[in-house]
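To start, the structure itself, in structure tokens.
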Amino acid sequence: MKTKKEIDREISEKRLESRFGKKNSFPVPEGYFADLPQNIIQKIKSEQTFTLSFDHSPRTQRRWLIPAITIAVAAFIGAFFLFKPLTTQVNSIDKQVVSKGDIQNDASDYYYISHILYNLPYDHLLNAINKEDDTYLDSVIYSRSLIPDGTLKEEEVIDYLYYHMSIYDITQF
Amino acid sequence: MPKEDDKRLLNLLAQEKTKNYGFELLVKTYQERIYSIVRRMVIRHEDANDIVQDVFVKVWQNLDNFRQESSLYTWIYRIAVNESLRHLKSRKVKIFSSDVDVQKHLEQLIDNPLHFNGDQLEAKLQKAILKLPPKQRLVFNMKYYEDLTYEQMSAILGTSVGALKASYHLAIKKLEHYLDIY
């Protein structure tokens, strides 16, 4: 049996419908739905091509590159400390070595960024994202939560940061 | 959508040989319903188109993670809903300062025949709907226009049936007030 509230709601709904209707009056360009599947497939293909070419260079090599970079960076830091007072903080090295805007679109910088990102605590990355664009984080979490068994993957965070932030910003947190 | 159809689509999607065909079929099956809910939220066709394309790209990218605990439709719809809300939120952050500004902007779009071609009464209703907070607007659109059951809405939004009934009730009452109909 319907409650009083439900009956009241139905009456209101009918009143609204009889007065205003339920027509869909949002115009759609002609042939839009006929073309949409192909447009989406095209978009997927272009994104895959991009990922593929991107994968081809640094990321597929990441397994051996990361240790190599670690050694290189460690050597660099070692050399740095050799010529600087011991009180110098690692953070300030980051700031000196990488100034804002001078690292993007450069393959060698990608290695450096990867190294730093992979060595930053996960919370740190999340904070970075939060500060930069909380709506993106929301959407990632939302999207992942609606994908069964989905959790926010560290790699996703790193990819996001790589594309949206300079290393200078990241090391400020 | 009947479970058998979902099953058929998932079978096609599971095999490398038929995956592309299965995906095209999936888009054709759901595109209009997904577009409709997105369009009612963002009003502009160009925005709706971007979102719908992103939704299906995400579906493609995450097909392997889909474990069939919900129906395909529920899953896709949920992505669409979240993408629409994210879009509105990002507009608020990037262009406007508040929900009211976003609402005013969307109301202006209703007055433009490029974006809305209903009569005056329909436009009046759409403008009243835009006064609702985004999530309540979504609940109203899903129930009133898309004829979804509370159970379906609950599966999509992850909100209890009771809370959805209350939200819809409140939305209708607000609309009656905005439109001055009793």
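The values are calculated or read from the model by the stated rules, or taken from the named source; none is laboratory data. It should be emphasised that the depicted structure is a prediction, and the values quoted were computed from it without experimental measurement. When we count neighbours, we look across all protein chains shown, and the Cβ atoms used for this are built from the backbone with ideal geometry, even at glycine. Just the protein is used for accessible areas: all its heavy atoms, side chains included, with ligands, DNA and RNA removed. Shrake-Rupley method; radii C 1.70, N 1.55, O 1.52, S 1.80 Å.
If we sort B:141-150, B:105-114, A:26-35 on the protection proxy, mean other Cβ atoms within 10 Å, highest first, what's the order? Intermediate values should be presented prior to the final figure.
Numbers: B:141-150: 17.7, B:105-114: 14.4, A:26-35: 12.9.
Sorting B:141-150, B:105-114, A:26-35 by mean packing, highest first, produces B:141-150, B:105-114, A:26-35.
Looking at the square roots a ≥ b ≥ c of the eigenvalues of the Cα gyration tensor of the range B:1-95, which shape do they give, rounded for a/c under 1.5, prolate if a/b is larger than b/c, or oblate? Each step should come with its number before you reach the end.
Numbers: a/c = 2.20, a/b = 2.14, b/c = 1.02.
Taking the square roots of the gyration eigenvalues as a ≥ b ≥ c, the range B:1-95 is prolate.
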(message) Not counting ligands, DNA or RNA, and with a 1.4 Å probe, what is B:H45's accessible surface area in Å² rounded to the nearest 10?
(response) 20 Å²
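Protein chains only, probe 1.4 Å: how do B:D119, B:D47 rank by accessible area, largest first?
Working: B:D119 80, B:D47 15 Å².
Output order, biggest surface exposure first: B:D119, B:D47.
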(request) Calculate the spin-label point distance for B:K131 paired with B:E151, positioning each point 7 Å from the Cα along the beta-carbon direction, and give it in nanometres. (result) 3.5 nm
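Once you charge only the Cβ atoms, +1 for Lys and Arg and -1 for Asp and Glu, what is the size of the charge dipole of chain B about its Cα centre, to the nearest 20 debye?
Details: 28 positive and 24 negative charges, 91 e Å.
Using Cβ point charges on Lys, Arg, Asp and Glu, chain B gives about 440 debye.
Give me the inter-chain shielding for B:66-75: mean count of other chain Cβ atoms within 10 Å, whole number please.
Numbers: counts 4, 4, 1, 2, 2, 0, 0, 0, 1, 3.
Taking the mean over all residues of the peptide, I get 2.
May I ask you to give the average projected area over all directions of the convex hull of the Cα atoms of chain B, in nm² rounded to one decimal? Each step should come with its number before you reach the end.
Working: hull surface 45.0 nm².
Directional mean of the projected Cα hull area for chain B stands at 11.3 nm².
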(request) Evaluate peptide B:54-65: per residue, the Cβ atoms of other protein chains within 10 Å of its Cβ; return the mean as an integer. (result) 4
(request) For the pairs A:K14/B:K127; A:K14/B:K104; A:K45/B:K28, note any where the Cα-Cα span goes beyond 26 Å. (result) A:K14/B:K104
(request) Mind listing the long-range amide H neighbours of B:E146? Cut-off is under 5 Å, sequence gap 5 or more, other chains count too, H placed in the peptide plane at 1.01 Å from N. (result) none
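For Cα pairs less than 8 Å apart in space and 6+ apart in sequence, what is the mean separation divided by the residue count of chain B, i.e. the relative contact order in percent? All intermediate terms of the calculation are to be shown ahead of the outcome.
On the way: 141 pairs, mean separation 34.5, N = 182.
Relative contact order comes out at 19 percent.
Restricting to DSSP H runs of at least four residues, report the calculated mean residue ellipticity at 222 nm for chain B, -39500 (n - 2.57) per run over all residues, nearest 500 deg cm²/dmol. Intermediate values should be presented prior to the final figure.
Numbers: 9 runs with 137 residues, N = 182.
Estimated from H runs of four or more residues: -24500 deg cm²/dmol.
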(request) Provide A:R9, A:R15 ordered by accessible surface of protein heavy atoms (probe 1.4 Å), highest first. (result) A:R15, A:R9
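Could you work out the mean count of beta carbons from other protein chains within 10 Å of each residue's beta carbon in A:13-19?
Working: counts 6, 0, 5, 9, 1, 1, 5.
Other-chain Cβ atoms within 10 Å of each residue's Cβ, averaged: 4.
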